Every structure is written in C-alpha cells, then in structure tokens.
1. Out of (1) touching a residue at least 24 places away in the same chain (Cβ under 8 Å); (2) under 30 Å from ASP49 (Cβ atoms), what's the single condition that is false for ASP182?
2. Go through segment 72-97 and give me each residue that's hydrophobic (A, V, I, L, M, F, W, C), assigned to a strand (DSSP E or B) and either on the phi > 0 side of the Ramachandran plot or open to solvent by 20 Å² or more (accessible area, probe 1.4 Å) (or both).
3. Against the definition (in contact with a helix residue (DSSP H, G or I) (Cβ under 7 Å, 6 or more places away or on another chain) and closer than 30 Å to ALA152 by Cα), how does ILE63 come out, yes or no?
4. Within segment 128-145, work out how many residues are open to solvent by less than 50 Å² (accessible area, probe 1.4 Å) and either modelled with pLDDT of 85 or more or of a type in the set (S, T, N, Q) (or both).
5. Where residues in segment 146-159 are among the β-branched types (Val, Ile, Thr) and surrounded by 13 or more Cβ atoms within 10 Å (Cβ to Cβ), which of them is farthest from ASN80 (Cα to Cα)?
6. What is the residue count in segment 43-71 for residues that are more than 18 Å from GLU101 (Cβ to Cβ), basic (Lys, Arg) and open to solvent by 60 Å² or more (accessible area, probe 1.4 Å)?
7. Tell me whether segment 113-125 contains one or more residues that are in contact with a strand residue (DSSP E or B) (Cβ under 8 Å, 6 or more places away or on another chain), within 17 Å of VAL181 (Cβ to Cβ) and of a type outside the set (Gly, Ala, Ser).
8. I'd like to check which strands (runs of 3 or more DSSP E) are fully inside segment 128-203 and have at least 3 residues that are over 14 Å from the mean Cα position of the chain (by Cα) and more than 25 Å from PRO99 (Cα to Cα).
Amino acid sequence: MDHRNSLIRSLVIYILGISLSLLATSQVFAKENAETPPGYLVVTGWYKDENLKQAYYKAVAPILGKYGIEAAVASHEGENLQVIEGGWIPGRFLLIRFPSESLVKEFWWSKEYEKAKAIRRPISALDIAQVTGVQGVIPIMDGNTAFLVYYADITDGERFSKEYTSAFAGVTTKHGGQMIVDSPREETELLEGALPNATLSII
C-alpha cells in the first residue's frame, strides 16, 4: 500500500457542474444572515423510469422554489462524472444549495414534498443526505464549475492532520479551489438510503 493510501481511503469524484433547467422556476429569496452557513442536499443513485422522473422534476421544482433553493448542479456517470480514486459508483450526483440548514429541513419534511416523494420513490434508488456548508463560503454553481467530492475514511487522524491537511489546503488554494462542505459522518444527516461511514468533503 503506498503512502497516500496509508493515510486515507477515499472516494474522489470529479464533477463538471451542469445547472438544472428544472430549477428555472425557483423564486428569489433574501439571503439570511451572512453568518448562517448554507445548507445542502446531496443526492446520489439511479432513476428506473425516465418519463416518471420528468414528472417528479416538474412536481418538485416549485416546492424547491418555495423553500428558498439558491442553486443546484447535477452530474451523471459516463457524461460529466468521473471516479478518480476508490470504488464507489454513484450513478448520478446532485448537489442542491439552500440559504440555511433549517430551510433544507423545512423542504424535506413539508407536506408538499411528501406528495412529490410518492411519485419518486417507486422509480428511484437514491441516497439522500443533508449537510451544512462551510460558513461564509457561497460557491459558484453556474454550470461552469468543477467539483471534487471525497468520502474519506481516515484511519489515522493525527497523521492525516500532520502530513496531509496543510499540504492539501495549500494545493487546493493554488489551483482555485475552496472547501464548501466538510462534514464528518456524525454531522451528516441521512434522510433516505445509506451512506458510507466516512467524512464527506466537497471542494
């Protein structure tokens, strides 16, 4: 096992973000306090019926707008999603940003979305989680942005911090990257499906 893998076992996927046309109906909301970190929904998995998927998108778009969605990007395996380390095959990856964690929860548990779920659940196999973004960082999600997504199982935290974290931060900044999500498993709220027992980071 090489030095890198002895530090971290990770999934890394590269995403070229594509803005979702289904969200064009989103309403514009005033930003919450700048000190409130954004909230994100992270969705991975598959749809089994493309026609019913479109019916679901049509139903969910105005609900997302009602609860303050700000931006979203999607990627699909074989198109604009590439696994570059690790063995996880996510199928698709969807990242949806809200002004706050509380609005993510309000959307998810709303009566309106319960009705939309009834369309989606029979035709999908999805893993869905809510995570809190890095405070003060509002990423560009306009269809021209690339993302790195890590599920990291850190087996030696002290060594990881000492040998990897500072070097990684420097390289990330040098190449124009910003950490937008850094969520240990205990801080990641699973809403549907399953997740690795690992830290989720998005850059």
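1. Failed condition: (2).
2. VAL83, ILE84, LEU94
3. Values: in contact with a helix residue (DSSP H, G or I) (Cβ under 7 Å, 6 or more places away or on another chain): yes; closer than 30 Å to ALA152 by Cα: no.
Answer is no for this residue.
4. Counting residues in segment 128-145 that are open to solvent by less than 50 Å² (accessible area, probe 1.4 Å) and either modelled with pLDDT of 85 or more or of a type in the set (S, T, N, Q) (or both) gives 11.
5. Looking only at segment 146-159, we keep the residues that are among the β-branched types (Val, Ile, Thr), and these are 149, 154-155.
From what's left, surrounded by 13 or more Cβ atoms within 10 Å (Cβ to Cβ): 149, 154.
Values: VAL149: 13, ILE154: 27 Å.
Per the stated criteria, the residue is ILE154.
6. At the first step, the residues of segment 43-71 found to be more than 18 Å from GLU101 (Cβ to Cβ) are 44-62, 65.
When the remaining residues are screened for being basic (Lys, Arg), the result is 48, 53, 58.
Checking which are open to solvent by 60 Å² or more (accessible area, probe 1.4 Å) leaves us with 48, 58.
Looking only at that region, the number is 2.
7. No; the residues of segment 113-125 include none that is in contact with a strand residue (DSSP E or B) (Cβ under 8 Å, 6 or more places away or on another chain), within 17 Å of VAL181 (Cβ to Cβ) and of a type outside the set (Gly, Ala, Ser).
8. Details: elements: 146-154, 181-183, 189-192, 199-202.
Counting at least 3 such residues, we get 146-154.
The values are calculated or read from the model by the stated rules, or taken from the named source; none is laboratory data. Keep in mind that this is a model prediction, so the values were computed, not measured. Positions of Cβ are generated from backbone atoms using ideal geometry, with glycine treated the same way; all protein chains shown enter the neighbour counts. The protein model used for the area step is the full one, side chains on, heavy atoms only, and it has no ligands, DNA or RNA in it. Shrake-Rupley method; radii C 1.70, N 1.55, O 1.52, S 1.80 Å.
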